[in-house]
1. Ranked from highest to lowest mean number of other Cβ atoms within 10 Å per residue, what is the order of the peptides 58-66, 32-40?
2. Explain nothing, just the number: relative contact order of the chain, from Cα pairs under 8 Å at least 6 residues apart, as a whole percent.
3. Taking Cα extents along the principal axes in Å straight from the coordinates, which label in (i) 45, 23, 18; (ii) 46, 34, 25; (iii) 61, 28, 14 is the correct one?
4. I need 13, 89 ordered by Cβ neighbour count within 10 Å, fewest first.
5. Given labels modelled 7 Å from the Cα in the Cβ direction, how far is it in nm from residue 71 to residue 55?
6. Mean residue ellipticity at 222 nm from the helices of the chain, using -39,500 (n - 2.57) per DSSP H segment of n ≥ 4 over the full residue count, to the nearest 500 deg cm²/dmol?
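Values quoted throughout were computed directly from the atomic coordinates according to the rules given, and no laboratory measurement underlies them. Please read all numbers here as calculations on a predicted model, not as lab measurements. Cβ atoms come from the backbone with ideal geometry, glycine included; neighbour counts cover every protein chain shown.
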């Protein structure tokens, strides 16, 4: 992948996130067996459904959102606390697949 293509992909990702969306890009053809073994089937639908659940619970405040997420995912809340410090750093997304 050329550095020009990497830069274009990074810009597309940032623009997508900034507009409240997401982006998917196909880099190269892969065998169906690779998709079968590595795809996260249902992940986009799960994310959309979870987002709807969070929006529906938002009027009840943060705790209501957390409770709704825990319930939908059949999870367990392990603890609560107060954030005393926040550090946020934006870095370009990796374009190299994990091996």
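1. Peptide ranking by packing, descending: 58-66, 32-40.
2. Relative contact order of the chain: 22 percent.
3. Calculated Cα extents along the principal axes in Å: the matching label is (ii).
4. So the ranking, lowest neighbour count to highest, is 89, 13.
5. Each label point lies 7 Å from its Cα, and together they span 1.9 nm.
6. After summing the helix terms and dividing by the residues of the chain, the value is -15500 deg cm²/dmol.
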